[in-house]
């Protein structure tokens with residue numbers, strides 16, 4: 001097991017194996033971030049790959065001021081932000097519609113599963129539901145939330161990353177969380193009502 | 001009421017409190033409020049649960065083949081950078097450019113494509129025949145528009161036939177100023193020598209003429225203003241006439257002005273201050289050839305005269321003397337006529353002629369008083385049309401200004417776009 005610094009140093013010398021080792025270590029984190037931000041597995045895979053390729057291309061400009069992971073987070077976040085902006089321009093409305101539709105489908109399916117593997121399934125369902133709720137946030141709020149609660153950046157770091165003021169970051173995080181809270185608890189109530197009816 | 005506001009404020013700060021991102025003072029306030037307000041406490045707990053749920057979300061697993069694919073891309077990337085020459089990489093890069101990124105580039109290219117011929121056209125002005133033809137065409141166009149406007153404008157006051165249909169009539173001051181200037185450009189172009197032997201140091205002899213029709217409000221004021229200007233320019237009035245026509249007593253006059261050629265252009269510009277120049281015809285005549293011709297014939301004749309005198313001194317026979325004397329008289333008369341011609345040409349080229357027709361256009365005071373309301377309407381109509389004309393003129397000026405600024409705008413846009421691209425790139429990585 002090499003240290004991260006060692007791997008970065010070797011990557012800078014053009015050692016592809018060392019960089020592949022770095023990928024192996026961080027691919028899940030980077031992919032997860034991309035997924036949380038875009039809400040779409042195909043896009044997330046593309047963007048995560050693109051992020052690693054960019055990192056490899058410009059590894060020379062990486063100075064060990066921050067950790068390699070932080071640097072990677074910055075790259076993938078920027079890529080996702082551009083992607084979200086592009087999407088916003090093209091078809092935001094259709095995206096929202098699709099999500100609303102899925103929500104209702106889920107609500108109908110849910111009560112039919114009650115025992116055994118359902119627990120596992122529910123876990124997965126919950127995860128997906130959270131993600132879907134995140135997807136309904138506008139890009140600005142989604143970015144703030146993911147940077148804080150998934151990547152664990154400080155408010156100052158988020159402000160720098162998103163190029164906005166600390167006050168804006170604060171209010172965006174707070175509103176995003178409250179939105180999520182309200183949405184998820186509303187759905188939970190709906191579900192418990194449904195399970196009482198059918199169960 | 002007040003309490004609600006506090007709750008709202010506290011709830012705004014709850015996330016930051018949770019993340020320990022509040023100032024000590026805010027933190028103390030929030031804690032104090034949470035201790036006393038069950039609703040806010042509930043909100044806080046819900047929020048905490050949500051955050052916990054978020055942070056406990058498991059990492060997502062990339063799709064199968066993610067890593068294999070990425071390694072493949074990496075390998076290709078390295079191969080590309082190592083073995084493929086720079087221009088290939090450039091081509092790849094261009095291919096990778098997003099379609100939307102190309103829109104500004106395409107726009108700039110389009111603008112250049114459209115504006116280039118226009119710019120070329122204006123650059124060509126004053127370069128001989130081709131532009132002259134274009135100019136004439138333009139003048140004709142102006143003539144047409146001018147006539148329609150002018151007839152509209154003058155119809156009630158004066159008969160439309162007072163409008164002269166000269167070839168260079170125009171309605172916009174801009175073009176009026178341009179017309180003579182461009183003409184001068186044409187004739188000031190050094191032309192091919194007429195005759196290789198005599199071409200050295202020949203001063204060009206050019207006669208400049210102009211015919212003007214000027215519409216004025218006060219005939220007497222205009223005529224005296226023109227006379228003042230002529231005197232100031234060192235010229236003279238060679239003929240003057242005037243008459244009053246019709247029951248309204250509209251006065252017309254004709255002035256023929258001779259001006260030093262150097263004052264010609266300045267005078268034409270100044271005439272604009274006297275009244276509205278309705279028509280302008282500037283034409284020139286290049287008499288260099290005739291002048292040179294006359295000069296050399298003069299030289300030959302004076303040589304002949306000298307020789308005849310010499311013969312006369314030597315000859316003895318009366319019949320010879322008479323014959324020579326006869327020939328000498330003949331030669332001298334020719335000589336004088338040639339000298340006269342030279343003087344005339346000199347005068348014509350040193351002094352240019354300007355024919356000015358002065359026309360009175362406004363309705364007389366008597367007419368307004370005899371036809372009060374119509375006069376007001378007339379004036380209003382006239383003012384309205386003048387205003388519209390001014391607007392058209394200003395729009396024209398604006399178009400000209402924008403066209404002249406266009407190259408700079410394009411330059412700035414291109415530089416800005418490149419800068420933007422560079423900044424964007426830097427931010428991304």
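The values are calculated or read from the model by the stated rules, or taken from the named source; none is laboratory data. Quick caveat: nothing in here was measured; it's all calculated off a predicted structure. For neighbour counting, all protein chains shown are included, and Cβ atoms are generated from backbone atoms with ideal geometry for every residue, glycine included.
General observations
- Scan of region B:278-291 for residues that are surrounded by 17 or more Cβ atoms within 10 Å (Cβ to Cβ) and within 14 Å of residue B:340 (Cα to Cα), ordered by number: B:291
- Failed item in (1) more than 60 Å from the chain's Cα centre (by Cα); (2) more than 8 Å from every other protein chain (Cβ to nearest Cβ), with residue B:76 passing the rest: (1)
- Checking B:226, B:237 one by one, the residue that is at pLDDT 85 or above, assigned to a strand (DSSP E or B) and touching a helix residue (DSSP H, G or I) at 6+ places or on another chain (Cβ under 9 Å) is B:237 and no other.
- Among the candidates B:376, B:363, residue that is at pLDDT below 85, away from chain A (no Cβ under 14 Å) and not in a helix (DSSP H, G or I): B:363
- Pick from region A:115-133, criterion over 23 Å from residue A:180 (Cα atoms) and surrounded by fewer than 12 Cβ atoms within 10 Å (Cβ to Cβ), ranking: modelled with the highest pLDDT: A:117
- Against the numbered list (1) modelled with pLDDT of 85 or more; (2) within 11 Å of chain B (Cβ to nearest Cβ); (3) more than 21 Å from residue A:70 (Cβ to Cβ), residue A:140 comes up short only at (2).
Quick grid of which residues meet (1) over 30 Å from residue B:206 (Cα atoms); (2) at pLDDT 85 or above:
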residue: B:259; (1), (2): no, yes
residue: B:278; (1), (2): no, no
residue: B:305; (1), (2): yes, yes
residue: B:314; (1), (2): yes, no
residue: B:320; (1), (2): yes, no
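- Residue that is farthest from the other protein chains (Cβ to nearest Cβ), among those in region A:48-68 that are surrounded by fewer than 19 Cβ atoms within 10 Å (Cβ to Cβ) and under 21 Å from residue A:36 (Cα atoms): A:50
- Considering region A:170-186, the residues that are more than 9 Å from every other protein chain (Cβ to nearest Cβ) and surrounded by 19 or more Cβ atoms within 10 Å (Cβ to Cβ) include one that is nearest to the chain's Cα centre (by Cα), namely A:172.
- For residue A:37, the conditions (1) more than 11 Å from the chain's Cα centre (by Cα); (2) in contact (Cβ under 8 Å) with a residue 12 or more places away in the chain; (3) more than 16 Å from residue B:61 (Cβ to Cβ) are fulfilled apart from (1).
- Candidates are the residues of region B:226-255 that are touching a residue at least 40 places away in the same chain (Cβ under 8 Å) and under 21 Å from residue B:205 (Cβ atoms); the one that is farthest from the chain's Cα centre (by Cα) is B:238.
- When B:268, B:338 are checked against the criterion of being in contact (Cβ under 8 Å) with a residue 40 or more places away in the chain and closer than 30 Å to residue B:232 by Cα, B:268 stands alone in meeting it.
- Lone qualifier among A:11, A:3 - being closer than 18 Å to residue B:67 by Cβ and either at pLDDT below 90 or more than 11 Å from every other protein chain (Cβ to nearest Cβ) (or both): A:11
- Here B:62, B:38 are screened, and the one residue that is more than 60 Å from the chain's Cα centre (by Cα), farther than 16 Å from residue A:174 by Cα and surrounded by 19 or more Cβ atoms within 10 Å (Cβ to Cβ) is B:62.
- Yes/no for residue B:60 being within 8 Å of chain A (Cβ to nearest Cβ) and modelled with pLDDT under 85: yes
- Condition broken by residue A:27, with the remaining ones in (1) under 16 Å from residue B:69 (Cβ atoms); (2) at pLDDT below 85 satisfied: (2)
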